[in-house]
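First up is the structure itself, then whatever we jot down about it.
The values are calculated or read from the model by the stated rules, or taken from the named source; none is laboratory data. Predicted model only: the values in this text are computed from it and were never measured. Positions of Cβ are backbone-derived with ideal geometry, glycine not excepted, and every protein chain shown enters the neighbour counts.
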Amino acid sequence: MLEKAKLVEVRWRGSRPEAEKVPGGKEITVQFNPQTLKLTFANEDNSGAGSPPRQSTGSGTSKLAVELLFDTTADGSDVRANTKNVAYFLIAAPDRAQPGLSFEWGSLIFRGVVKSIDETLDYFSDEGVPLRATLALNIARPKIEFVEPRPGGNGQRSGAGQAPATGATTPLEPARSNDNVQGLAARNGNSSQWKSIASANNIDDPLRLPPGSLIDMNA
């Protein structure tokens, strides 16, 4: 079964360095797993101008950059109804601080707060309703932290009876206006496999693809 990434609301209490899940808090399962994740760890540089470099004093930052895809072409609804759920983690309200966020995908766990969200709307219906959005999510924490996988939970090594890790989810290619399966296959270097791709995606008419259709080019 494909493991889906999740966004889970967490909080820090008092001076405790470990975050805890908020009971009844926000939890979002992504629609499509991300293709890549970018992790950045940096030590604070306390050297003054013209001074020789000094060893780190233990202060630093951890950052995670990830892109999440949302698509509602199947039902024609406004995709922003889905992306606004993610924006919850960016906003502080008068009665509460900005929520903490734990990004969890298999054995990878990253906890921090959302610093910025860039939303790109790149496909619209004939009526001008946005149907596809990409969110560039930037999460940070003022500490260098490597969270170990939960014992007995996500992050177990594959053993007998367990499927091996598969890495990122299968890439989906969006069909453009006037696209067909053969043209999509040629763009991805699989021109000779277009019939197999059409069959694996259950496409009845490979010569005519509705714009915005998501096609598994590795099927």
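Tabulated values for the structure
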read-out	value
Filter result (at pLDDT 90 or above, among the small types (Gly, Ala, Ser) and surrounded by 14 or more Cβ atoms within 10 Å (Cβ to Cβ)) within the range 110-168	Gly112, Ser125, Ala133, Ala140
Residue satisfying condition, being in a loop (DSSP other than H, G, I, E, B), surrounded by 13 or more Cβ atoms within 10 Å (Cβ to Cβ), at negative phi and modelled with pLDDT of 80 or more, within set Ile203, Ile197	Ile203
